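Presented below is the structure to which this report refers.
The numbers here are math on the coordinates, done by the rules we state, and not lab data. Remember, it's a predicted structure, so these values are computed and weren't measured experimentally. We place every Cβ from the backbone using ideal geometry, glycine too, and count neighbours over all the protein chains shown.
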Amino acid sequence: MKQMLLHVHGEMLQTAVLENGRLVEFFMETSKASSLVGNVYKGRVVNVLPGMQATFVDIGLSKNAFLYIDELLDPHLEKQPKPKPLIQDLVKPGQEIIVQVMKEPFGGKGARVTTHFTLPGRWLVYMPNADYVGVSKKIAAESERTRLRGIGEKLRQSGEGIILRTAAGGESESSLHGDVSQLRALWQVIMEQVDASQAPAELHREAGLMIRTVRDTLTMDMDEIWIDDSDRFEEASALLQEMTPLLRERLKRYESKKGAALFDAYRVTEQISRDFERRISLECGGHLIWEETEALTVIDVNTGKFTGTSGLEDTVFRTNLEAADEIARLLRVRDVGGIIIIDFIDMGEEEHREKVMHRLIEKARNDQTKCTVLGWTRLGLLELTRKKARENAVHQLTERCPSCGTAGIRPSTMK
């Protein structure tokens with residue numbers, strides 16, 4: 001049973017995805033602090049940093065955005081000049097430039113921006129300047145990949161790029177044509193605003209959390225979709241009717257039963273409180289210690305109270321396997337991004353090390369966010385990366401203790 005729960009609390013929308021009652025994904029956003037990722041701006045180059053091959057761009061936010069040279073060059077790798085040109089030969093201070101936010105401002109850093117524009121639709125991603133067709137790696141059947149690639153080549157115009165999303169699997173050419181036509185028209189509207197706007201200016205704002213949830217997260221394997229707010233219910237109903245009518249039948253309005261709120265009724269609040277702790281218990285008796293910085297997350301695996309029955313190596317192996325399953329789930333729930341280092345318990349047998357790594361790779365395939373397992377380091381740590389675009393829920397749900405500087409969950413946001 002796969003369920004999506006959308007809980008409205010004032011100006012905040014919290015989204016939880018459950019598989020057989022267990023939390024596997026969690027997102028939240030407020031209308032006052034909506035995401036900037038995907039927004040398109042007309043900006044002005046403030047200063048150029050030759051030593052970093054980057055530039056800072058004023059896009060009208062409190063902090064200037066950061067543009068790296070690779071985000072200026074042609075998005076098609078085969079067309080990029082070699083050797084790479086100098087940043088000062090590409091842009092000058094005072095120059096106006098059109099950019100799109102690819103990473104939220106975080107900590108003391110401004111937003112990271114790109115000139116490789118992408119406009120996501122229900123079935124595909126439209127890239128006005130990419131000049132190639134891609135197909136989601138999660139579509140495994142080669143025949144379907146070939147079919148979709150052929151449709152993509154037929155739909156795109158010269159110079160355009162298209163990526164067929166996982167949701168495009170099995171969709172008709174007419175559905176995909178409607179998607180690309182709508183996105184192409186949107187891009188034309190954005191371009192028409194360029195000359196009429198004075199930098200810095202916002203040219204396009206990415207859809208809010210409700211639209212992104214319906215567009216990006218809802219899949220045909222979702223059995224139930226519950227919303228506890230009448231206005232949001234009507235909004236989701238209209239979106240589903242337009243995008244995926246079959247899922248509209250699975251949308252339900254939640255009415256409080258015996259005073260139990262939606263997240264309480266499905267034990268989401270309880271699971272969030274547990275999953276966002278620094279110390280997380282495993283069913284076998286072991287536990288994880290979770291530490292995060294701005295760019296790095298470190299996870300330590302411990303046997304704890306688990307003593308096993310067949311010997312030390314077997315105990316360690318079983319603990320690590322369970323830890324791999326739990327870590328893959330928690331990366332999605334906590335929406336962790338950046339570099340991730342896992343200190344599994346030392347294993348004596350190479351076969352066990354490989355099985356633990358492949359278990360993590362297998363579980364990471366369920367992640368809609370790109371997650372790459374790089375392998376074991378010389379020190380015996382498992383290294384992986386996960387794409388980071390928005391501020392994750394941990395930083396929205398926690399605050400620094402003024403006394404000791406550690407993080408603690410704010411109960412007010414858990415209601």
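Just a few scattered comments:
- Per the Cα gyration tensor, the range 149-270 maps to an equivalent ellipsoid with semi-axes of 34, 21, 12 Å, ordered largest to smallest.
- Convex hull volume of the range 289-363 per residue (C-alpha atoms, cubic angstrom): 89 Å³
- Placing unit charges on the Cβ atoms only, positive for Lys and Arg and negative for Asp and Glu, gives the chain a dipole magnitude near 380 debye about its Cα centre.
- Span-rule helices in the chain, defined as complete DSSP H runs reaching 27 Å or more along the axis (Cα) with Kyte mean at least 1.6: none
- Normalised by the number of residues in the range 40-114, the average gap of Cα pairs under 8 Å and 6 or more apart makes the relative contact order 38 percent.
- Cβ-based exposure ranking for Ile87, Ile340, in which fewest neighbours within 10 Å come first: Ile87, Ile340
- Ordering of 225-231, 134-140 by packing is 225-231, 134-140, highest average first (other Cβ atoms within 10 Å, averaged per residue).
- On the basis of the beta-carbon distance and an R0 of 30 Å, Leu49 and Glu96 show a calculated FRET efficiency of 0.95.
- Once the gyration tensor of the Cα atoms in the chain is diagonalised, the equivalent ellipsoid follows with semi-axes of 36, 28, 24 Å, ordered largest first.
- For the range 119-204, the antiparallel share of DSSP beta bridges with both residues in that region comes to about 65%.
- Of the peptides 41-49, 149-157, the order by per-residue mean of other Cβ atoms within 10 Å, starting with the highest, comes out as 41-49, 149-157.
- 222 nm mean residue ellipticity, helices alone, for the chain (DSSP H n ≥ 4; -39,500 (n - 2.57); rounded to 500): -8500 deg cm²/dmol
- Ranked from largest, the principal axis spans of the Cα set of the range 119-204 equal 48, 21, 20 Å.
- Flagged links, alpha-carbon separation over 19 Å, of Lys138/Lys355; Lys42/Lys388; Lys42/Lys63; Lys42/Lys387; Lys103/Lys138: Lys138/Lys355; Lys42/Lys388; Lys42/Lys387; Lys103/Lys138
- Listed by Cβ neighbour count within 10 Å, with the fewest neighbours leading, Ser197, Ser158 appear as Ser158, Ser197.
- Each Cα pair under 8 Å and six or more residues apart adds its separation to the average, and for the chain the resulting relative contact order is 15 percent.
- Relative frequency of Cα-Cα separations exceeding 16 Å in the range 226-306, percent: 69 percent
- Calculated FRET value between Gln88 and Arg22, using beta carbons and R₀ = 51 Å, to 0.05: 0.45
- Under 18 Å from Lys82, Cα to Cα: aspartates and glutamates that are on another chain or at least 8 residues apart: Asp70, Glu71, Asp74
- Evaluated on the range 59-142, the Kirkwood hydrodynamic radius is 15.1 Å, with distances taken between all distinct Cα atoms.
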